[in-house]
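What follows is a short report on a single structure.
The values are calculated or read from the model by the stated rules, or taken from the named source; none is laboratory data. Keep in mind that this is a model prediction, so the values were computed, not measured. FYI the Cβ positions are ideal-geometry reconstructions off the backbone, even for glycines, and counts take in every protein chain you see. Accessible surface is based on the protein model in full, side chains and every heavy atom, while ligands, DNA and RNA are left aside. Shrake-Rupley method; radii C 1.70, N 1.55, O 1.52, S 1.80 Å.
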Amino acid sequence: MTRSAAGYWIGFAVVLALLVVAPLVLPEFWRRFVTEILIWGLLAMSLDLLIGYTGMVSFGHSAFFGLGMYGAAAALLTVRPPNLWLAILYGLVGAGAVAVFVAYFSTRLRDIYFAITTLVFSQIFYVIIFTWTEVTGGENGLGFSQPAFAIPGVVSARFTPVTLHWFVLAVVTVSYLGLRRITQSPFGMVLQSIRENEPRTRAIGYHVERYKIVAVMLSGLFAGLAGVLYALQNKFAAPDFVFFLVSGEVVVFNVMGGMGTLVGPVAGAAFFFLLRELFSRFFTEYYLIPVGIIFTLMVIFVPQGLLGFLRRRLNQ
Amino acid sequence: MTIPFDLLLIQVINGIVTGMILALVASGLTLIFGIMDVVNFAHGELFMLGAYLGSTVFLTTGNFWLALGAAVMGIGLLGAVIQTTTLRPLLGRDPLTTILATFGLSLVLQNYALWQYGPVPRKINEPITGHFSLFYLEYPWYRLLVAVLSAAIIGGLWLFMKYGKYGIWIRATTQDRVMAAAMGIPVPLVHTVVFAIGAAMAAASGVLFGPLTGVNHAMGLDFILRAFIVVVVGGMGNLGGSILAAIFLSLLEAFASIWVSPAQAVIVSFVVLILTLLFRPTGLFVPTPK
Amino acid sequence: MTPDRLPEPGSPHGNGRGAVRSPILRTEGLTVRFGGLTALDNVTLAVPHGEIRAMIGPNGAGKSTFFNCVTGVLRPTSGRIVFDGEDITGLPPHRISQKAIARSYQITNILPGATVLENVRIAAQSRHHSWSLVRHHRAFVDVIDRARAVLDAVGLGDKEEELAANLSHGEQRHLEIGIALATEPKLLCLDEPTAGMSVSETRATVELIRQIATDLTILIVEHDMEVVMGLAHTITVLHYGEVVAEGTPAEIQANPRVQEVYLKT
Amino acid sequence: MAERWQGEPWAKDIWCSGKTTRRRFLGLSAATAGALGATMLVPAPWREAFGQAKPYKIGIMQPLTGVAAAGGKTALVGSMMAVDRINKAGGVNGRPLEAVIADYESKPDVGRRKVEKLLVEDKVDVAEGGYLSNVCLACMPVFDEHRTVFMVGVCLDTTITTTKCSRYVFRPFDYAPAQAVAFAHYLVNKMGKKWHIAYLDYAWGQSTRDAYVEQIKKLGGEVVGGTGIPLGTADMTPFLSKVSGNFDGFFGIFFGANAVVLATQAYDLGLTRKYKFAGDGAIAESTHLPALGHKIEGFVGINRYVPVLDPPLNTPHHRKFFDEAVAALKKIDPSGPLPDRYVQSNFEAMNFLKLGMQRSGFRGRDDTMKLIEALEGMDVKESDDFPQGDKTLRKEDHQAFLREFIFEIKDNKHRLVEVIPKEKTVVPPACTFSKA
Amino acid sequence: MLSVQNVHTYYGKSHILHGVSIDVGPGEVVGLLGRNGVGKSTTLKTIMGLVRPSEGTITFEGRSVAGAAPYHLARLGIAYVPEDRRIFRLLTVLENLRTGLDRPGVPPERRDALLAKVYGSFPVLRERRNQAGGTLSGGEQQMLAIARAMMLEPKIILLDEPTEGLMPRMVAQIHEIIDVLHGDGVAILLVEQNVRLTLEVSSRVYFMEKGVVRHHAPAADLRRNDAVIHQYLGV
């Protein structure tokens, strides 16, 4: 193992340990806040597979996130008693099905056209969910109860905020390791090759479209998983999460955190959430004005994102 | 199913009127994209601020035309400021960064409007109030005036672009920035002016639209997505295409609303957009260039 | 006219390796038109196994168009391309690559943000394990060995951890060739491999091409006449999309028509 | 389409000369940010010290930014008027009220997070506010979880006190079924038998439409058509153009900016002149009247509150409220709007809390059950605290019933047509609380 | 008048010009010959400010202009006719001309005179003045590109392979126009593949190879002795 790899794993262990301990030491609000950031971080991370690794900017991740959420809702509302694993399964199936559909059409297009196609697809799902009140609850969304953490014959316990945090942390960590491995696998290498130079990748014998479809699907599945976790934590699903502005925010997390690093988007999510939370405490009504100004300045002066910025600083 | 001819005709008129306003918003957007590769996410906010500025002037002077003129000038100036401070440093970077920067701006502008103008919706009175009967409806002349004015503004822009000295500069810059610079055209200035023109057009449509809907801080949001769709269907950066696409999509939605529910009518336009992108990615109304 | 009765133009000179071999690449009446412009006009030629074939001609003669047809970037308006006995006309680039035709580009076309090894590894991987999602790419030793072998062959063995973007221009051009080689091609198409190189870099590249040519067929487009004359077994001269001459370097140098084309006198 | 010039490597360097320098840019932005910051940091008048007593913390959640900001801001005015008034009068149980305001950006996920912040971090004793129904519904489980009373200031959705009701949530104002019951007889008997309903096509609009359809039918009327219009439709004319045929009245179910669009465009198309025009009072909210001008003339609506000083609203209580509200609204909107039902219901919601806290001897969140019991079935009389009139907070579903005002718009002003006593608005409860 | 000294230029990482030095005197026609890809076009782009040189100096009429914005150089009196012509395809012929004509400080009479002059030299452009630039033939596009540059009333024109892909009749016309420009006292830096034309119109010729100037000789000498030409250009 090289020195930098050892450094990486030490850093990973430290951050993980901090996150494990966090709910035990943080005040209750911040405990839940951290859990929520992890969930949004997973969503942002899933998008990084496309933006950072394949070079495709999706504005449709709200659809995968939302479908994961509604999938989980379907499981939790129809099956008695509510089953955690079924919720995850339904959520993944929901997000995956949508991802296949979206991927099939949108990957034929590139750049801004890909972005707009994904955005429009997510708006179609939004309109359907928003207006189909009988099934989706329409604007009011769906509320449901939290399932217990149960492995048949082993344990069965209700979630507390602390155990839920650990569960979310476990899922996000495993997802992170999974995504990291995917990006380091031969398949992930092909994705990065597409990002760097698509025609060249084609010319050395890769069927680029097929790789893109699989990338969108995988990304959609992880986004769906984030949706399931959100549903578990907050016990409701709402059409607002399918709205395109949510996708926009997730792109923002990626750009602010640093694309192509997997960790960066999580940092971006944390930064943006903290920024808004802290500013909202000082300027009750108009905090989005300074947030908007800071954000615009960051786009101009820190184009490589927080992580890229830090990395450059550390290297100096 | 019988075809309701009266409704059909009404919807043609509706489609054209809505389409012309949409075209006015979209042509500013597409102008900016075509020349600078900037996807201006704050366009809806410029539309909204234009309407607010118009309503303020209208409130003090009572003159619609003065309000229109003031909004156009004021927001045009604001556009120039935004371009020089925020977008000029981003020139040549990924268009994604311009989306994000203008997204940040839209946050600022929207909340500024809320702060400055307060929560109560404002009003701009239409300069003409009459109506004529159209089958079972009384149709307001003002809606037709809006269509005509939008057409006139777009036509004016077209004439300016076609014959004006700066119009030629702008078109030359659109086609080939580098060669335009080599021909002595001050490209950075052209960019600023174009953004100002785009902003002014958004403001003009905001004022024109004001009497139809009232003025509120969120009115940009309702418009911006549709304007983006129009720009894409028309071919990004293609002015003529945007106008045709705006009318086409508005007509389509108006017709669709005869037979299907309004929500489904919205989906129809989304589906058209996706089909357009898949089969004519450069837009519905331009021949695919080699 | 049926394809198999077509005369095979030119004679394969083997530069001392003389024997007549069957063609690995054949084009029959290849024509490409862009609107009113005919970029390639009825080009029929055959490249035998193991030959180094150069294509020369002034700007706009159709060399790049020919390349793009062979490598699947362009679909010919009419005509056929036969590779290794198989009709490959109009196949997409990735299928062409899988048929063992590789190309390098006129403008350096690598993965600038990846390391040198990664550039070559990704190409080598295109033949094996490319859909593996779960294992780390470093676990596929066969691919890495192949990549290292290629890097040694193109003289970049000691630079494998460098970012491709940080290489010198000459090294990038070699990497370019390395990427093509790593896909295990039977036919290697080189588009101006010495473009923008200094004199010494050019010499090194000529040496490199000569070395890798031992078990490959090479099709090369080049402007540097020294390179062409020193490397090619056979030269095809294109002008306005047509083949105006074909022969050994000596024959071409002596050809008055070619001089006319070149000096426009 | 612009030529893809970025593809050319040499194009990258070209545009250096016109760049804004970093320093100039920073200077500009710093100046702007400074100006903004200075104005925003002015302390709110209500955050004044109040003796030595430990204040009650009241969490107030409203959408102060985003699409619903307009409504949220007027609603907040109502809450803060009540808080100021209570504090001036010596607070509750000798302790002042401290308002902790949270803006939820018109988004349910933010709402949920802000409510958690109010309950967990700020440890508020009770909460008040709302506005967007979907956010109220999303947050209700949090109040359940933290066993804290939430007095809804504005949230229209019926299910809040029916199928999704909660022991911790109270709605001290009317809801659609009650309005429909109160309004239907006037619609059918005084305006016309046949109705066409236009509504916002989402949960609230749909459920309100259902309530009116049911009541109109019950009284022998008929609803001959319906037009759903998606939320956020900028130009409703294509949908409104379809409205034709043989009916007497055109009924609208809209609120906020959508209501302004509807009323304007229905007028423009002649619908509101050809047919009688009635609808949810939210269409002709006082804050909308300036924007609507003459286009809303003749509209008949029902509302829990109208800003008129005619009988029976010519009480000193109401005049006091009215004057105070006008002054407070002027501060957030220079155009000086009249108070609307959002100001009223938030004002009264806060006063319900006050009364409940007084009667139960509430000391903090541990006494929540006592507070709930005090509020359940609470009957209040018309007073300075409740300028709108008498009302009862029903025990079974925590839904209040109050008198309703049927009004007409004349000369761009509300004019009372009929007052429906609260007894005539009652609908049977449809709620079963889960075991608290 | 124009002096390029020891200029190095990179495209990203690749080093294209390895120290190029060229001088052009007032009203002088200077040829720049070399095979494809040796850096001739890059030299012109560097002078025009389209690429920023990393090293070296460029002075125009005594003023240092290395790294100046192209539109600034155009206003100073340097015009550029690129290899691929880059006419504005969607603009009409007249509009293409107006991009250079509509400068501040050109009185209407002067404009008319300039237009008349160009139309006199290229009658076909007058015929096609309302036709989109993209619809012209290759030769006509070349004429338009040169005419457009003339609209700037430049002191020097950088001409990049004006005869490339043209029919002999057109080549002759280009030759004529170069003579006319020369007669008007406009300096020309001509990059060409057509050796004969270059030798005929130029007073001096530079030969480039691999990013450097290898040889420099009066055109008259080269006309007498073509050994040098064969050395640098022949097969």
Can you tell which of C:E171, C:E184, C:E160, C:E176 is within 22 Å of C:V227 (Cα to Cα), in contact (Cβ under 8 Å) with a residue 12 or more places away in the chain, charged (D, E, K, R) and open to solvent by 30 Å² or more (accessible area, probe 1.4 Å)?
C:E171
Only listed residue being over 22 Å from E:L181 (Cβ atoms), hydrophobic (A, V, I, L, M, F, W, C) and in a loop (DSSP other than H, G, I, E, B), chosen from E:V51, E:V106:
E:V51
Within the stretch B:132-149, is even one residue open to solvent by 10 Å² or more (accessible area, probe 1.4 Å), small (G, A, S), more than 7 Å from every other protein chain (Cβ to nearest Cβ) and in contact (Cβ under 8 Å) with a residue 40 or more places away in the chain?
yes
Sort out which residues of the stretch E:17-35 are in contact (Cβ under 8 Å) with a residue 40 or more places away in the chain and not aliphatic (A, V, I, L, M), and write them in order of number.
E:H18, E:G19, E:S21, E:G25, E:P26, E:G27, E:E28, E:G31, E:G34, E:R35
Filter pass, B:L252 being crowded, with 16+ Cβ neighbours inside 10 Å and either at pLDDT 80 or above or more than 14 Å from chain A (Cβ to nearest Cβ) (or both):
yes
Output the number of the condition that D:F322 fails; it satisfies all remaining conditions of (1) more than 14 Å from chain B (Cβ to nearest Cβ); (2) in a helix (DSSP H, G or I); (3) under 17 Å from the mean Cα position of the chain (by Cα).
(3)
Of all residues in the stretch E:158-203, which are in a helix (DSSP H, G or I), farther than 20 Å from E:K45 by Cα and within 12 Å of chain C (Cβ to nearest Cβ)?
E:P168, E:V171, E:V195, E:R196, E:L197, E:L199, E:E200
How many residues are assigned to a helix (DSSP H, G or I) and either at positive phi or out of contact with any helix residue (DSSP H, G or I) (no Cβ under 9 Å at 6 or more places or on another chain) (or both) if we restrict to the stretch B:234-258?
0
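Okay, residues lined up against (1) more than 22 Å from D:A328 (Cα to Cα); (2) touching a residue at least 60 places away in the same chain (Cβ under 8 Å); (3) open to solvent by 10 Å² or more (accessible area, probe 1.4 Å); (4) part of a strand (DSSP E or B):
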position: D:R85; (1), (2), (3), (4): no, yes, yes, no
position: D:V100; (1), (2), (3), (4): no, no, yes, yes
position: D:E116; (1), (2), (3), (4): yes, no, no, no
position: D:L119; (1), (2), (3), (4): yes, yes, no, no
position: D:A127; (1), (2), (3), (4): no, yes, no, yes
position: D:N134; (1), (2), (3), (4): yes, yes, no, no
position: D:L137; (1), (2), (3), (4): yes, no, yes, no
For E:Y119, are the conditions met, namely being of a type in the set (S, T, Y) and assigned to a helix (DSSP H, G or I)?
yes
Scan the stretch B:114-131 residue by residue and report those that are over 22 Å from B:V57 (Cβ atoms) and surrounded by fewer than 16 Cβ atoms within 10 Å (Cβ to Cβ).
B:G130
Filter pass, D:A102 being modelled with pLDDT of 90 or more and more than 10 Å from every other protein chain (Cβ to nearest Cβ)
no
Pairs needed: first member in the stretch C:76-105, facing chain A (nearest Cβ under 8 Å) and farther than 22 Å from C:T44 by Cβ; second member anywhere, assigned to a strand (DSSP E or B) and open to solvent by less than 50 Å² (accessible area, probe 1.4 Å); C-beta distance under 8 Å; at least 6 residues apart or different chains.
C:A102/C:L187; C:A102/C:L188; C:A102/C:C189; C:Y105/C:D191
B:L109 touching a residue at least 40 places away in the same chain (Cβ under 8 Å), farther than 30 Å from A:G55 by Cα and in a helix (DSSP H, G or I)
yes
Which numbered condition in (1) out of contact with any strand residue (DSSP E or B) (no Cβ under 8 Å at 6 or more places or on another chain); (2) facing another protein chain (nearest Cβ under 8 Å); (3) open to solvent by 40 Å² or more (accessible area, probe 1.4 Å) is the only one that B:S261 fails?
(1)
Testing A:G153 on (1) assigned to a loop (DSSP other than H, G, I, E, B); (2) open to solvent by less than 50 Å² (accessible area, probe 1.4 Å), one condition comes back false. Which one is that?
(2)
Evaluate the stretch B:157-167: report whether one residue or more is crowded, with 20+ Cβ neighbours inside 10 Å and either among the acidic types (D, E) or under 30 Å from E:P104 (Cβ atoms) (or both).
yes
Extreme residue, nearest to B:I82 (Cα to Cα), among residues of the stretch B:185-238 that are of a type in the set (S, T, N, Q) and at pLDDT 90 or above:
B:T192
From the residues in the stretch B:93-113 that are open to solvent by less than 10 Å² (accessible area, probe 1.4 Å) and at the interface with chain A (Cβ under 7 Å from one of its Cβ atoms), which one is nearest to D:A69 (Cα to Cα)?
B:N111
Could you tell me whether D:E297 is outside the structural domain of D:L132 (by TED's automatic domain parsing) and farther than 26 Å from D:E382 by Cβ?
yes
Matching option when the condition is touching a Pro at 6+ places or on another chain (Cβ under 8 Å) and more than 20 Å from D:F254 (Cβ to Cβ), among D:E121, D:E128
D:E121
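Table: residues versus (1) more than 10 Å from chain C (Cβ to nearest Cβ); (2) in a loop (DSSP other than H, G, I, E, B); (3) modelled with pLDDT of 90 or more.
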| residue | (1), (2), (3) |
| --- | --- |
| A:E139 | yes, no, no |
| A:F167 | yes, no, yes |
| A:A170 | yes, no, yes |
| A:Y206 | no, yes, no |
| A:E209 | no, no, no |
| A:V214 | no, no, yes |
| A:M217 | yes, no, yes |
Hey, which of the strands (runs of 3 or more DSSP E) in the stretch C:196-265, taking only ones fully inside, have at least 3 residues that are open to solvent by 40 Å² or more (accessible area, probe 1.4 Å)?
C:242-247
Give the residue that is most open to solvent (accessible area, probe 1.4 Å), with candidates limited to residues of the stretch E:100-149 that are free of Cβ contacts under 8 Å to residues at least 40 places away in the same chain and polar (S, T, N, Q).
E:N130
Six or more apart or on different chains, Cβ under 8 Å: which pairs go from a residue in the stretch A:262-279 that's over 16 Å from D:K117 (Cβ atoms) to one that's open to solvent by 30 Å² or more (accessible area, probe 1.4 Å) and outside any helix (DSSP H, G or I)? Could you list them?
A:P265/A:M259
Return only the number of the condition from (1) within 14 Å of chain A (Cβ to nearest Cβ); (2) assigned to a helix (DSSP H, G or I); (3) surrounded by fewer than 23 Cβ atoms within 10 Å (Cβ to Cβ) that D:G228 does not satisfy.
(2)
In the stretch E:204-228, the residues that are buried (at least 21 other Cβ atoms within 10 Å of the Cβ) and assigned to a helix (DSSP H, G or I)
E:L222
